[in-house]
Amino acid sequence: MTYFVTGATGFIGRYLVEALLRRGKGTVYVLVRPRSAGKLDELREFWGKDSAKRVVMIKGDLGQPMLGVGKADVARLRGKVKHFFHLGAVYDIDASAETMEKANIAGTTNALALAEGVKAGCFHLVSSIAAAGLYRGTFTEDMFEEAEALDHPYHRTKHDSEGLVRTNGRLPFRIYRPGAVVGHSQTGFIDKIDGPYYFFKALQKLRESWPRWVPLVGIEGGYMSLVPVDYVVDAMVHLAHQPKLDGRCFHLTDPKPRRVGEILNVFARAAHAPEMAFRVDPKMFAVVPEQVTKSVERSKPIQNVVDQVLRDLQVPKSVLQFVNYPTRFDSTETRKLLDKAKIRVPALEDYAWRLWDYWERHLDPDLSIDRSLRGAVKGKVVVVTGGSSGIGEAVAIRVADAGGKVVIVARDEEKLAEVRKKIADRGGHAKTYSCDITDYAANDKLAKDILKEFGQVDVLVNNAGRSIRRSLALSYDRFHDFERTMQLNYFACVRLTMNLLPSMTARRSGHVINVSSIGVLTNAPRFSAYVASKAALESFARCAASEFHDENVHFTIINMPLVRTPMIAPTKLYDEMPTIISPDEAADMIADAIIRQPQRIATRLGVMAEIMHLVMPKLSEVVMNSAYRMFPDSAAAHGKREGEPPRPPTKEAMLFAMLMRGIHW
């Protein structure tokens, strides 16, 4: 048996050709544009050795009369083609109306002309459920003219192409309307992001931000019918070869469609992401007066927010109109035919994990982005304060190794020289400045000197800081602790940031990273001076981010867990803590901030502590108070002489610290 297939190099086409080759010994002629010949060669390996002889390329183009097939090829095919499968079309809802018109309407017209020219036995059109438009209710397989709301060019061109086939009057035909086609149920393979895949990035971000057990509020949405490509192809091939079915339309849809919210929850489970425990039906918003909704739609600030959210989640705006899809598709007659061959739609739960796994390994848009530190900092100027030891030193070395121009700021010239030598020994380059940034005049001069020498600052890492661990009961006569902590952790950082911001806004490019503390999220006892200063810096950064967002200057807050650095060395209690992270681990967080430019980076424990404080403040207070009583003040905080052995932490305290990894106690 001889076949002709347009769109053979597409997603459905590759599997259709494979299925036709498996079915018998016939020849499969495939329409291929000359510039796509290389893609056909790649597919031959997928189709197997037999395809070298049985799959024959016919050069042509959807946009040309008779698909651009030459007269010699038309003569060669005349009378031989039993089944003409027309899959060539645009399936991208974001494509322009002109593109859809050319591919879906003109392409079908030209395909019909060629099929008639070669005297094909039957014309098989692979359409879509989009041909029903936004019909409200159940659309059956014998319905066509009843389609509603065909305003979107994707819906309209799919509907009109069906009309061309139905009214041609010269060729026997069969029409197939697949639901939303997803990847292969056995391999997960798909060649592009479409349909539910647009929401995978949002699920991934939720997984990274929230523990899986946290219940979320989401949308209910309309009913969607997802079908894996292997089911669609198996159904088409079977139906195409059954007698006495000409002139019919077949719905290749899931007989048990699911709400959008339910589908997202299935994929959330596959992604190990939190699920939407409570789902809101968008119909609830129908009670809002139309003039209000139109006013909201016209509001530029609201649209800017919506656009930013969609950009962050990488969801096309056009997809939102299908979230509350109003149509359900009856496939009763088609299922009767397929049940005899035991061809059934597999349950989404059985293969969703394969779709997710394939997307995350091969199609996640972030995979194509250079997420290396080298890609983010090579040739760029990165200023790191507090860079002579601890976190700052680790960050400076990491950035220099990645090819960045590191500017290290600290007070101790000898330590700065040591770090500069370490970087030089590794083949990097660093410029060091000895400066006490709490001295405003020195702070101002530092910024001027850096800009004079380098011309710009691409990234500022406000890492320099001071920590004081002392309970309030022991601080009544030590108000200066609060003043000096605020002086370095807040005022000095703000001063340096404001000194560099004008050059960043002038270039419309810049990134300020503020190293804050997990203590701001946990409200750690004994750290009131330290946490207050870091909270002030966070508030400044959030306000500044709002002002400079449209000038491409970004601010990132890192709620750093407890790090084993010289800053915490005086607190001997921490020598016993096995759960404190290293400076290298802290540098990983800062490197991630440089690469991704998020607004905040925090551990899950820190985020949950903040949520607990917001939702159950009294319970949070009790937990923190219990920790306060477990961990004693240091000997130094009590004013005892240096070197006096501290009281060792109890086993209970050690267990508590292990459970609350990285929190300041």
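Of note:
- Qualifying positions in the range 318-358 - modelled with pLDDT of 95 or more, within 18 Å of the chain's Cα centre (by Cα) and hydrophobic (A, V, I, L, M, F, W, C): Ala352, Trp353, Leu355, Trp356
- Hits in the range 501-526 - residues which are of a type outside the set (S, T, N, Q), surrounded by fewer than 24 Cβ atoms within 10 Å (Cβ to Cβ) and either within 18 Å of Tyr490 (Cβ to Cβ) or outside the structural domain of Asn552 (by TED's automatic domain parsing) (or both): Leu501, Ala524
- Conditions (1) outside any helix (DSSP H, G or I); (2) within 26 Å of Ala417 (Cα to Cα); (3) hydrophobic (A, V, I, L, M, F, W, C): number failed by Leu446: (1)
- Residue within the range 21-42 that is free of Cβ contacts under 8 Å to residues at least 24 places away in the same chain, in contact with a strand residue (DSSP E or B) (Cβ under 9 Å, 6 or more places away or on another chain) and not aliphatic (A, V, I, L, M) present: no
- The numbered conditions (1) at pLDDT 95 or above; (2) over 20 Å from Asp230 (Cβ atoms); (3) charged (D, E, K, R) are all true for Glu18 except (2).
- Among the conditions (1) at pLDDT below 95; (2) touching a Phe, Trp or Tyr at 6+ places or on another chain (Cβ under 6 Å), the only one that Ala132 does not satisfy is (1).
- One residue stands out in the range 383-400 among those that are part of a helix (DSSP H, G or I) and not hydrophobic (A, V, I, L, M, F, W, C): the one that is farthest from Ile437 (Cα to Cα), namely Arg398.
- Residue in the range 460-474 that is touching a residue at least 24 places away in the same chain (Cβ under 8 Å), over 30 Å from Arg526 (Cβ atoms) and surrounded by fewer than 18 Cβ atoms within 10 Å (Cβ to Cβ) present: no
- Some residue of the range 363-371 being of a type in the set (Gly, Ala, Ser) and surrounded by fewer than 16 Cβ atoms within 10 Å (Cβ to Cβ): yes
- Helices (runs of 4 or more DSSP H) fully within the range 140-249 that include at least 1 residues being free of Cβ contacts under 8 Å to residues at least 40 places away in the same chain and assigned by TED's automatic domain parsing to the domain that holds Arg22: 153-166.
- Among (1) closer than 30 Å to Glu349 by Cβ; (2) small (Gly, Ala, Ser); (3) at pLDDT below 90, the one test that Gly188 misses: (3)
- Answer from Ser51, Ser36 - the residue that is under 35 Å from the mean Cα position of the chain (by Cα) and surrounded by 13 or more Cβ atoms within 10 Å (Cβ to Cβ): Ser36
- Test: Val56 is within 38 Å of the chain's Cα centre (by Cα) and β-branched (Val, Ile, Thr): no
The values are calculated or read from the model by the stated rules, or taken from the named source; none is laboratory data. What you see is a predicted model, and the numbers here were worked out from it, not measured in a lab. With ideal geometry, Cβ positions are generated from the backbone for all residues, glycine too; neighbour counts draw on all protein chains shown.
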